[in-house]
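To start, the structure under review is shown below, and the notes come after it.
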Amino acid sequence: MDRIETIRKAVDEILLGRSEADHRRHGYVHLYGVSLIAGLLAKKRHLDVELAVISGMLHDISTYRDGTHEGHHAKSALLASEILLKTGLFAPHEMESVANAIGKHGRKGLTDGALDELLKDADVMHHYFYNPFWSPIGKEIPRIKKLGDELGFGMDASP
């Protein structure tokens, strides 16, 4: 069983349940954009690509299910755990790693574990590249600069 496709189907089901076309579109663009970047960063950093991709797909899932951004880090971590458990395809330590990364992805100014940091970086990169006129704010600025150095191209507060 392809675990990524199983999770993709669960995400699609949630997104298709949104009646607002703009909200649904943003969900597809953001969740799958962060997922793609997470996979690329995982490959570069020699981390588990599959769990990185899945973490990216699920990192804001409660926002798109519930229609609210409030408390979405914890809510998305809980919903991700429920989705992963329901599939029966993931070991407890894998579910815990994904849920922890999702729960911590808002802590952009703090340093956490490898998968946690990867998800934060993928989220910030997606914001950065989604709109070239977007200006990183606060704790995302040093993260953008660090990512630019890591990847070997200029990323600063003004793309």
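The values are calculated or read from the model by the stated rules, or taken from the named source; none is laboratory data. The model shown is predicted, which means the values in this text are computed figures rather than measured ones. Cβ sites come from the backbone with ideal geometry, for glycine too, and all protein chains shown count toward neighbours. Surface areas here come from the heavy atoms of the whole protein model, side chains and all, with no ligands, DNA or RNA. Shrake-Rupley method; radii C 1.70, N 1.55, O 1.52, S 1.80 Å.
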Worksheet, complete the sentence: Between the Cα axis of helix 21-45 and the main Cα principal axis of the chain, the angle (0 to 90°, nearest 10) is 70
Fill in: Simple label model, 7 Å out from Cα along Cβ direction - ARG3 to LEU36, nm
2.3
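On average over all directions, what projected area in square nanometres does the stretch 1-53 have, based on the convex hull of its Cα atoms? The partial results should precede the final answer.
On the way: hull surface 14.4 nm².
That works out to 3.6 nm².
Using a probe of 1.4 angstrom, how much of the accessible area of the chain is carbon and sulfur, in percent? Walk me through the intermediate numbers first.
Working: 4730 of 8140 Å².
C and S fraction of accessible area: 58 percent.
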Worksheet entry | Residue among LEU110, LEU41, LEU79 with the largest mean-square fluctuation in a Gaussian network model of the chain, springs linking Cα atoms under 10 Å | LEU110
Practice prompt. For the chain, with a Gaussian network of springs between Cα atoms less than 10 Å apart, report the residue from LEU15, LEU58, LEU31 with the top mean-square fluctuation.
Written response: LEU15
Response to the item:
Computed over the chain: longest principal axis from alpha-carbon atoms vs helix 114-130 long axis, angle to nearest 10 degrees, is 70
Worksheet entry | Label-to-label distance, nm, for residues given as GLU82 and GLU150 (7 Å Cα→Cβ offset) | 3.1
Worksheet item: Under a straight-distance cross-link criterion of Cα-Cα below 22 Å, which lysines are reachable from LYS108, leaving out those fewer than 8 residues away in the same chain?
Response: LYS43, LYS44, LYS75, LYS120, LYS139, LYS145, LYS146
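Net charge near ILE54, counting Lys/Arg +1 and Asp/Glu -1 over other residues with Cβ under 10 Å of its Cβ? Working shown, then result.
Numbers: positive: ARG3, ARG8; negative: ASP48, GLU50, GLU94.
Summing Lys and Arg as +1 and Asp and Glu as -1 gives -1.
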Worksheet item: Quick one: length gained pulling GLU96 to ALA21 fully straight, 0.36 nm per residue minus the C-alpha distance?
Response: 23.8 nm
Worksheet, complete the sentence: Two pseudo-spin positions, 7 Å from Cα along C-beta at ARG107 and at ASP12, lie apart in nanometres by 3.5
Fill in: Helix 72-87 axis, angle to the chain major axis (alpha carbon atoms, nearest 10°)
40
Response to the item:
Listed residues ALA91, ALA114, ALA52; largest mean-square fluctuation, Gaussian network over the chain with Cα springs below 10 Å, found at ALA91
